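All remarks here apply to the structure that follows.
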Amino acid sequence: MLNYILSILLFSFALLTDTHISTSNPRPMEDLQRSIADINQNPNIEFVVVTGDLTESGDRASIEAVKAALDQLRVPYYAASGNHETTWSESGVMDFTRVFGDSRFAFSHRGMYFIGFNSGPVIRMADGHVAPQDIAWLQHNLDSVSRAGDAPIFVFTHYPLRNGDVDNWYEVTDAVRPYNVRMFIGGHYHSNRNQRYDGIPGILMRSNLRDKDGKQGYGVYEVTEDSIKVYCQRVGEQPVQWAEFSL
């Protein structure tokens with residue numbers, strides 16, 4: 001007789017990215033509202049992470065509009081900025097920080113640790129860059145987690161941490177190497193991609209914007225006792241699993 005091991009679902013979280021809200025184009029907001037309504041109907045989702053390019057131009061009005069929309073979520077959400085917030089606006093990332101309270105986040109959930117920070121370029125159209133103070137902040141937080149035990153860690157950035165995307169990607173992968181980092185998660189390329197950053201899994205998710213079929217979409221991550229499963233969730237459809245990793 002075959003022995004089957006049932007992986008019990010502990011919780012799920014959703015990943016929204018590249019919503020590109022604009023005061024001059026109502027379609028991205030329509031897309032976001034549909035995804036928010038879809039997430040609110042899923043009782044397994046316990047929080048939402050938003051990984052950058054929340055707005056198209058990084059202007060204060062668009063940032064306030066996207067925050068007002070995200071505030072409709074029935075679960076907590078955590079947002080990090082993207083290049084459109086960092087260098088597409090006159091304020092840089094400052095308006096994002098004023099409206100959301102910060103451009104990075106760190107929190108524990110059910111014995112696991114989630115941390116996200118800005119990876120936007122210093123000047124427009126340049127490669128992404130993680131500032132020294134953010135790397136120091138990252139290491140300080142991971143030191144605290146490590147002292148408390150060996151919790152699995154998930155790191156969120158907008159950009160993929162690889163050559164040609166982030167000019168100092170290796171500083172980040174070197175910084176996290178001593179810790180129990182299970183994967184990086186982000187967006188930027190508006191498509192689902194399974195990559196490796198110095199051997200660490202790097203998941204990129206599709207944009208929330210409607211695709212060629214007119215469907216909005218986001219990521220759903222199912223965390224079990226021994227694995228994390230990655231799904232693409234198109235609004236109104238059944239989720240499609242496309243990746244899985246051991247915990």
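The values are calculated or read from the model by the stated rules, or taken from the named source; none is laboratory data. Computed from a predicted structure; not experimentally measured. Cβ atoms come from the backbone with ideal geometry, glycine included; neighbour counts cover every protein chain shown. Only protein heavy atoms, including side chains, enter the accessible area calculation; ligands, DNA and RNA are left aside. Shrake-Rupley method; radii C 1.70, N 1.55, O 1.52, S 1.80 Å.
Its Cα centre serving as origin, the chain has a Cβ charge dipole (Lys and Arg +1, Asp and Glu -1) of approximately 340 debye. Note on exposure: His190, His109, His158 ranked by accessible area (1.4 Å probe, complete protein assembly) read His190, His109, His158, with the most exposed listed first.
What is the local net charge at Ile228, summed over the other residues whose Cβ is closer than 10 Å to its Cβ (Lys, Arg +1; Asp, Glu -1)?
Working: positive: Arg182, Lys229; negative: Glu222, Asp226, Glu244.
For residues surrounding Ile228, the net value is -1.
Comparing Cα centroids, segment 41-65 and segment 205-247 end up 17 angstrom apart. Remark: the chain carries 45 Å² of accessible area per residue (probe radius 1.4 Å; ligands, DNA and RNA excluded). Quick one: Debye curve from the C-alpha atoms of segment 171-223, no solvent, what's log10 I(q)/I(0) at q = 0.26, 0.29 Å⁻¹? So the normalised log intensities are -1.02, -1.14. Computed over the chain, the per-residue total of -39500 (n - 2.57) for DSSP H runs of n ≥ 4 gives a 222 nm mean residue ellipticity of -7500 deg cm²/dmol, rounded to 500. Overall size of segment 149-247 from C-alpha positions, given as principal axis extents largest first: 42, 35, 16 Å. One equal scatterer on each Cα of segment 25-64, no solvent, Debye formula: the resulting log10 I(q)/I(0) at q = 0.14, 0.23, 0.25, 0.29 Å⁻¹ is -0.39, -0.89, -0.97, -1.09. Dipole magnitude for segment 90-152: about 160 debye, using +1 per Lys or Arg Cβ and -1 per Asp or Glu Cβ, origin at the Cα centre.
Within the P(r) computed for the chain, what percentage of the Cα pairs occupies the region above 33 Å?
Values: 4115 of 30381 pairs.
Tail fraction, whole percent: 14.
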